[in-house]
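Inspection log for the structure reproduced underneath, given as structure tokens.
FYI, it's all coordinate maths here, none of it is from the lab. Please read these numbers as outputs of a predicted model, since none were measured by experiment. In this analysis, Cβ positions are derived from the backbone assuming ideal geometry, glycine residues included, and neighbour counts consider all displayed protein chains.
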Amino acid sequence: MIIKERKKPLKIQKLEALLRRLPSNHPKRQKISEELAKSLAGYYGEQSLDHYLSDLSESEYFILHDLRLSDKNERFFQLDSLLISSRFFLILEVKNIS
């Protein structure tokens, strides 16, 4: 069962909005387009993983996507996905290089 859905990252939404507003001849446009392509590749890789996770039994597994957690010193870290069963916790970090 998916407890926390994956959403399109805010970074991607911001880059897409920026590109819609920038003139085609803006000197930073190419760099922003490249950054968006890298971010989208990672997001698509995470979505690809979601397809396989959807085959798991909803009664046996709980899935949380895009977790942002902190340690005791209030330093934050992010997990792409966390798979929980009665026997284990599995941290999933996805790398999709295009």
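I need the calculated FRET efficiency for the pair R87 and Q47, taking r as the beta carbon distance and R₀ as 30 Å, to the nearest 0.05. Can you show the working numbers first?
On the way: r = 27 Å, r/R0 = 0.89.
After rounding, the FRET efficiency stands at 0.65.
Under the rule of -39500 (n - 2.57) per DSSP H run of 4 or more residues, summed and divided by the residues of the chain, what mean residue ellipticity at 222 nm is obtained, to the nearest 500 deg cm²/dmol? All intermediate terms of the calculation are to be shown ahead of the outcome.
On the way: 2 runs with 37 residues, N = 98.
Value at 222 nm, helices only: -13000 deg cm²/dmol.
Please report the orientation-averaged projected area of region 4-98, defined via the convex hull of its C-alpha atoms, in nm².
Values: hull surface 32.9 nm².
With every direction weighted equally, the projected area is 8.2 nm².
Once both axes come from the Cα atoms, what is the angle between helix 29-53 and the longest principal axis of the chain, in degrees from 0 to 90, rounded to 10?
20
Using the Cα centre of the chain as origin and beta-carbon charges of +1 (Lys, Arg) and -1 (Asp, Glu), tell me which of P9, Y44, L92 is placed farthest towards the positive end of the dipole.
The residue sitting farthest along the positive end of the dipole is P9.
For region 3-45, what does the convex hull of the Cα positions come to per residue, in cubic angstrom?
Numbers: hull volume 2.6 nm³, N = 43.
With only Cα atoms used, region 3-45 gives 59 Å³ per residue.
Between L79, L69, L15, where does the largest GNM mean-square fluctuation fall for the chain, given springs only between Cα atoms within less than 10 Å?
L69
Can you tell me the length gained on complete extension of the stretch A37 to E74, counting 0.36 nm per residue apart and subtracting the Cα distance?
Numbers: separation 37, 0.36 × 37 = 13.32 nm, distance 3.12 nm.
That pair, A37 and E74, stretches by 10.2 nm at full extension.
Roughly what angle does helix 10-21 make with the longest principal axis of the chain, taking Cα atoms, 0 to 90 degrees, to the nearest 10?
Compared with the principal axis, the helix lies near 20 degrees.
Quick one: compute the contact order of the chain, relative version, from alpha carbon pairs under 8 angstrom and 6+ residues apart, as a percent. Could you put the intermediate results ahead of the total?
On the way: 113 pairs, mean separation 30.1, N = 98.
Computed over the chain, the figure is 31 percent.
Return the single residue from K31, K11, K72 with maximal mean-square fluctuation; model: Gaussian network over the chain, springs between Cα atoms under 10 Å.
In the Gaussian network model the winner is K72.
Need one number: nm distance between label points at L18 and S59, each 7 Å from Cα along Cα→Cβ, rounded to one decimal.
With each label placed 7 Å out from Cα toward Cβ, I get 4.8 nm.
Can you tally the lysine pairs in the chain where the Cα-Cα distance is under 26 Å and the two residues are eight or more apart, or on different chains?
Summing the qualifying lysine pairs gives 22.
Please give the FRET efficiency for K4 paired with N25, using the beta carbon to beta carbon distance and R0 = 41 Å, rounded to the nearest 0.05. Don't jump to the answer; show the numbers that get you there.
Details: r = 41 Å, r/R0 = 1.01.
According to the calculation, E is roughly 0.50.
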